[in-house]
1. Percent relative contact order of chain A, based on C-alpha pairs within less than 8 angstrom and at least six residues apart?
2. Would you mind computing, in nm to one decimal, how far apart the modelled labels at residue A:290 and residue B:54 are, each placed 7 Å from Cα along Cα→Cβ?
3. At a 10 angstrom cut-off on C-beta neighbours, averaged per residue, how do the peptides B:169-182, B:222-235 rank from highest to lowest?
4. Across 10 Å bins from the origin, how do the percents of Cα pairs in the stretch A:76-185 run, short distances first?
5. What's the FRET efficiency of residue A:351 with residue A:308 using the Cβ-Cβ distance as r and R₀ = 22 Å, to the nearest 0.05?
6. Counting C-alpha atoms alone, how compact is the stretch A:199-301: give Rg to one decimal and Dmax as a whole number, in angstrom.
7. Using the reciprocal of the averaged 1/r over all distinct C-alpha pairs, how large is the Kirkwood radius of chain B in Å?
8. With n ≥ 4 as the cut-off for DSSP H runs, can you work out [θ] at 222 nm for chain B, using -39500 (n - 2.57) per run divided by the number of residues, rounded to the nearest 500?
Ligand SMILES: Nc1ncnc2c1ncn2[C@@H]1O[C@H](COP(=O)(O)OP(=O)(O)O)[C@@H](O)[C@H]1O
Ligand SMILES: [Mg+2]
């Protein structure tokens, strides 16, 4: 059949805790070619010294424990090994990590909200969210303020546990954020990740998923709104290495203004041993003005002949004049017609956000983006 | 008493002249049928009146109660009292029928309808057109059959209560039952107030349900013959050949 046994997309990809194992990127590398390195404020080349300017506040569910620990804590780096230069830089430079643990069979009675507030300057961070077997929790990562920030977040979802995460990148206009979010799913574990990226000069977020046993189910949803001059990049990697796991990735973004740039990379690997995998990934971009650009690269690598389902789709387009005409022909003014169609484009995505206040906040943010 | 007056209208599509001097006056209380072969420019007339961006008016006027519609945006024309039931209603993903209808009614009336009243009107309108209540939650025209789309156009007609309605081949693609339901809707609309109807059709079939006061034969971008309902009977018997030959 000629199926390869090693996924080509990971052949070049190395993982290491050591910063020196990663060369300073030049921008020619496949994984860096879309990212404006000159705007990373030195996060990629070792010139950005951390000054600890991002404060971390946790409002936790009573069932969860929250600890601030040092680098030596053994729970750090268990689920995720840095896979690129900035990730390794963050791993090498962070001083304190936040560890949230939801104990076995506990069902968190309210969301645990971790607020990252940038106070200017450069900072490195590390966060671990651990759900022990059969636990259930909702966790919100709320990023705001101004900062140059690189961090790694590990979600360890134990056997039969369910973790729902909303990560909101609501940074000030000048913020730079490079982040890895890795979810490691145990047997029959469920992960629902929802990413909303609105603010920041450059945001490069790399959500990834791995499975340690069969039966894992990951759902990754993303919504972004890119304004003039912004670079918002999402790089997804779902690595199916266990049989009978599922993944579903849906990212949608709207872009408006000169040099608004969205990048979406969707890598899904189905390894030889991952029989019965069911996966689908979708990215759609709505270009609202000239001068905006969306790069969308889905990449599905199937190394086994026994999949339950595997598909991907990617499309970028403009608002359809016929849609607007139809609504206007019923008396609806242009601006409102446009809003209705764009809301329709994001569709039920926003409704999937687990936390009601957050849903309203995201909706209000999107409305504000549309109005402005 | 509203009047739609089309005066010497010339329209081009992508620099190709399609309408070549259309004159037509529709008064409230009147129903005018425009009949003509495929490609004669009937939809072009409808879209041009409504203000579709693809159609360029190269000459003439369209007045609604003296106001030149051609000076208005698409939505302003609708709010001025014009309605176009489209031959091919557009599917709009992600926009629900109920949301859309509420926005449209709010825009046209200039104020939001009371929720309970609106729900009642909507239900009554849907019942009358045998539209399943579940349609309100569906995306606009998405996955609707041809007949469902046309019924939905007439639902909008009845809710928006325009002064002048242009109905572009609302009958085409309907089976006899659907044609009857849709025709009843048009007749309810006609009976409900002083409104003018411009009924564009290729076939005489719908004219047995919706009786026109005037019939205009359209060929090669202009009106080539006019008369009363008897003209439809002549077309039924003889077809369009005489006109297409004459204008070729
Ligand atoms: N959007 C369009 N783009 C290109 N050509 C068009 C368009 N609309 C109409 N035409 C052309 O204009 C002529 C009249 O079409 P139309 O108005 O649709 O006729 P009818 O409705 O009578 O069948 C045809 O030759 C058709 O090809
Ligand atoms: Mg037509």
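1. 11 percent
2. 2.2 nm
3. B:169-182, B:222-235
4. It works out to 15, 45, 31, 9, 0, in whole percents.
5. 0.25
6. 15.2, 46
7. Value: 18.4 Å, from the Cα pair sum.
8. The per-residue figure over chain B is -11000 deg cm²/dmol.
Just so you know, all these numbers are worked out from the coordinates, no wet-lab data involved. Bear in mind the structure is a predicted one, so any value in this text is a computation, not a measurement. Note: ideal-geometry Cβ built from the backbone for every residue, glycine included; neighbour counts use all protein chains shown.
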